[in-house]
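J.: Below: one structure in structure tokens.
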Amino acid sequence: MENTIASLIDPAFPLVSNLSNAAAVLGTMPNINWAGFYLVDEAHDRLYLGPFWGEPACILIPLGKGVCGTAAALGKTVIVPNVDEFEGHIACSAASRSEIVVPILVEDKVVAVIDVDAPVLDRFHSDDKALLERIAAIIAEVWR
Ligand code: SME
């Protein structure tokens, strides 16, 4: 999957185009119902919805709120085996049962997160974390 994303994206292309194709590939992960990007809006201390695969989702998430805002504020991957047990989880889709959020860091600053939701409990483990962190690093290289 990371090879496919690496072969599709290019710093010569607009960021939104690169993220759109990356989201389409992320959407091929087995047993998920949503995959996409939230981008950091530093001026307003929030994240806004970027390109994604899946149903329409929440547009704005305050930094520090929800799984996405928490991962962005920490600059660390957050795995939530059961979204009902994560205080402050933002339910964009009633179908989502577990979730992983991986920050994209450029020069040590979080510029966006990758968010993937699954319709089953406990879908995401260390192999998914490693894969998505490699993908985040590949995307960081074309960030502009
Ligand atoms: N559940 C996320 C919100 C984004 S949707 O899952 C697409 C959260 O708690 O931040």
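J.: Modelled label-to-label distance, D122 and A137, 7 Å Cα→beta-carbon offset: nm?
T.: In this crude spin-label approximation the distance works out to 2.9 nm.
J.: Here's another thing I want to ask about it. Pick from A22, A71, A57: which residue has the top mean-square fluctuation in a GNM of the chain where Cα pairs under 10 Å get a spring?
T.: A57
J.: Further, regarding this structure: Based on Cβ point charges of +1 for Lys and Arg and -1 for Asp and Glu, what charge dipole magnitude is obtained for region 2-141 about its Cα centre, in debye rounded to the nearest 20? Intermediate results must be reported in sequence, preceding the final value.
T.: On the way: 8 positive and 19 negative charges, 19 e Å.
Dipole about the Cα centre, nearest 20: 100 debye.
J.: Per-residue ellipticity at 222 nm for the chain, helices alone: DSSP H runs ≥ 4 residues times -39500 (n - 2.57), over residue total, nearest 500 deg cm²/dmol?
T.: Values: 4 runs with 44 residues, N = 144.
So the helix-based figure for the chain works out to -9000 deg cm²/dmol.
J.: Counting only C-alpha contacts under 8 Å and six or more residues apart, can you give the relative contact order of region 41-144 as a whole percent? Can you show the working numbers first?
T.: Values: 178 pairs, mean separation 22.0, N = 104.
Worked out over region 41-144, it gives 21 percent.
J.: Given a 1.4 Å probe, how much area per residue of the chain is accessible, in Å²? It would help to have the intermediate numbers written out before the result.
T.: On the way: 7090 Å² over 144 residues.
Heavy-atom accessible area per residue stands at 49 Å².
J.: Please report the base-10 log of the normalised intensity I(q)/I(0) for the chain, using a Debye sum with one equal scatterer per alpha carbon and no solvent, at each q in 0.19 (1/Å).
T.: -1.10
The values are calculated or read from the model by the stated rules, or taken from the named source; none is laboratory data. Model, not experiment: these values are computed from the prediction. Backbone-built Cβ (ideal geometry, glycine too); neighbour counts: all protein chains shown. Accessible surface is based on the protein model in full, side chains and every heavy atom, while ligands, DNA and RNA are left aside. Shrake-Rupley method; radii C 1.70, N 1.55, O 1.52, S 1.80 Å.
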